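Let me begin by handing over the structure; questions about it come next.
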Amino acid sequence: MAIEDQAEILREMMRKKNSAERPVLVTPKETKKARIITVTSGKGGVGKTNISVNMALAYVRLGKKVVVMDADLGLANVNVILGIIPKFTLYHVMHKNKTMKEILVETEYGISIVAGASGLSKIANLTEDERQNLINELDSLSDVDIIIIDTSAGVSSNVIDFIVAADDAVIITTPEPTAITDAYGIIKIIATEFGSLNLGLKLVVNRVKSVTEAKRVADRMTNIAGQFLNLKVDYLGFIYDDTVVAQGVLRQRPFMTIDPKSKASLCVQHIADRMEKTEVVRDREGGGFTAMIRRLFGRA
């Protein structure tokens with residue numbers, strides 16, 4: 001879909017701003033694997049966590065059961081965005097002090113979160129028994145429809161692992177030159193090490209002031225990736241620079257709940273709608289959350 005098409009859709013949604021609220025679309029429960037969406041960025045401060053949380057809310061509006069997993073190994077912020085202070089994190093699961101269901105936090109917004117912990121960085125040093133226990137615990141999340149994984153920023157091995165293991169990897173950038181350069185850095189590493197895999201890479205341009213600005217950034221990123229790296233990166237959409245986002249951060253509430261008809265909210269909903277219509281291609285040892293975890297741990 002061309003970037004102008006997204007703009008036209010958003011304009012139509014804005015024209016309906018004063019109409020009745022969009023109904024929740026509840027679809028019959030299907031016996032299928034959860035869709036794993038990794039959200040990442042090359043540079044911090046581009047809105048990655050905010051997009052992860054609000055994308056989860058957008059999926060809830062589509063009738064999906066959603067879990068957001070905070071995989072930022074140093075600065076876990078998903079709970080901060082939601083104004084939640086978790087008692088337990090993945091660290092407690094790793095050390096067999098708690099089960100996954102015991103640390104899963106239900107929120108008032110219809111989504112659940114798995115709080116991150118710096119202890120997750122020690123996964124590589126776990127014993128075989130500890131690894132198997134963590135795999136079994138994480139598998140308890142497989143009954144949901146969507147699992148959104150919010151990674152840390154940068155190109156660490158942990159971030160790359162989550163990108164490669166997921167069904168879809170959404171890379172967030174802004175029009176800032178440093179953000180574009182760092183996002184390209186992630187794409188280049190993926191092309192160099194995993195170029196033969198279909199990783200479902202997607203690009204979202206955040207904090208744009210115009211359709212023209214978004215198109216310029218998207219064209220630059222996708223063209224360079226295709227021409228110089230021989231890697232396909234699908235342009236997923238853009239999010240307008242909107243004051244409602246800052247309001248949400250200050251109030252520790254998802255901005256989609258503050259004003260569902262704001263420009264930023266409509267953009268995120270459009271992105272989720274497009275994701276839902278995009279087929280999941282699983283050609284890497286099957287699909288689902290269990291398969292993802294086994295890939296992370298190098299288990300066949």
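The values are calculated or read from the model by the stated rules, or taken from the named source; none is laboratory data. If you're wondering where the values come from, they're calculated on a predicted model, not measured in any experiment. Every residue, glycine as well, gets a Cβ built from its backbone with ideal geometry; the counts of neighbours run over all protein chains shown.
Examine the range 198-218 for a residue that is over 19 Å from Asp161 (Cα atoms), in a helix (DSSP H, G or I), in contact (Cβ under 8 Å) with a residue 24 or more places away in the chain and touching an Asp or Glu at 6+ places or on another chain (Cβ under 9 Å), and state whether such a residue exists.
Yes, the range 198-218 contains a residue that is over 19 Å from Asp161 (Cα atoms), in a helix (DSSP H, G or I), in contact (Cβ under 8 Å) with a residue 24 or more places away in the chain and touching an Asp or Glu at 6+ places or on another chain (Cβ under 9 Å).
Asn198 fails exactly one of the following numbered conditions: (1) surrounded by 14 or more Cβ atoms within 10 Å (Cβ to Cβ); (2) modelled with pLDDT under 90; (3) closer than 30 Å to Asp219 by Cα. What is the number of that condition?
(1)
All but one of (1) buried (at least 23 other Cβ atoms within 10 Å of the Cβ); (2) of a type in the set (D, E, K, R); (3) over 24 Å from Cys267 (Cβ atoms) hold for Asp150; which doesn't?
(3)
Quick one: would you say Met100 is modelled with pLDDT of 90 or more and surrounded by 14 or more Cβ atoms within 10 Å (Cβ to Cβ)?
no
Quick check on Ile85: is it assigned to a strand (DSSP E or B) and either within 24 Å of Ala218 (Cβ to Cβ) or modelled with pLDDT of 75 or more (or both)?
Against the criterion (assigned to a strand (DSSP E or B) and either within 24 Å of Ala218 (Cβ to Cβ) or modelled with pLDDT of 75 or more (or both)), Ile85 does not qualify.
Identify all residues within the range 89-113 that are of a type in the set (Ser, Thr, Tyr) and in a strand (DSSP E or B); write none if there are none.
Listed by number, the list holds a single entry, Ser112.
I need every pair where a residue in the range 174-188 that is without any contact (Cβ under 8 Å) to a residue 24 or more places away in the chain and outside any helix (DSSP H, G or I) has its Cβ under 9 Å from the Cβ of a residue that is buried (at least 23 other Cβ atoms within 10 Å of the Cβ) and basic (Lys, Arg), sequence separation at least 6 or different chains.
Within 9 Å, no pair qualifies.
Only one of (1) farther than 28 Å from Ile271 by Cβ; (2) in contact with a Phe, Trp or Tyr (Cβ under 6 Å, 6 or more places away or on another chain); (3) modelled with pLDDT of 80 or more fails for Arg131. Which number is that?
(3)
Take the conditions among the basic types (Lys, Arg), in contact (Cβ under 8 Å) with a residue 60 or more places away in the chain and surrounded by fewer than 19 Cβ atoms within 10 Å (Cβ to Cβ) and apply them to Arg253. Does it pass?
Taking the combined requirement at face value, the residue satisfies it.
Given the criteria in a loop (DSSP other than H, G, I, E, B), surrounded by 14 or more Cβ atoms within 10 Å (Cβ to Cβ) and either at pLDDT below 70 or on the phi > 0 side of the Ramachandran plot (or both), does Gly116 qualify?
So Gly116 fails the test.
A further question follows. Only one of Ala214, Ala225, Ala191 is small (Gly, Ala, Ser) and either under 24 Å from Ala56 (Cα atoms) or buried (at least 23 other Cβ atoms within 10 Å of the Cβ) (or both); which?
Answer to the selection: Ala214.
Given the conditions (1) at pLDDT below 75; (2) under 15 Å from Ala272 (Cα atoms); (3) not polar (S, T, N, Q), report the number of the one that Tyr59 does not fulfil.
Every listed condition holds for Tyr59 apart from (1).
It is to be established whether one or more residues within the range 237-249 are of a type in the set (Phe, Trp, Tyr), touching a residue at least 60 places away in the same chain (Cβ under 8 Å), assigned to a helix (DSSP H, G or I) and surrounded by 21 or more Cβ atoms within 10 Å (Cβ to Cβ).
Looking for residues that are of a type in the set (Phe, Trp, Tyr), touching a residue at least 60 places away in the same chain (Cβ under 8 Å), assigned to a helix (DSSP H, G or I) and surrounded by 21 or more Cβ atoms within 10 Å (Cβ to Cβ), one finds none in the range 237-249, hence no.
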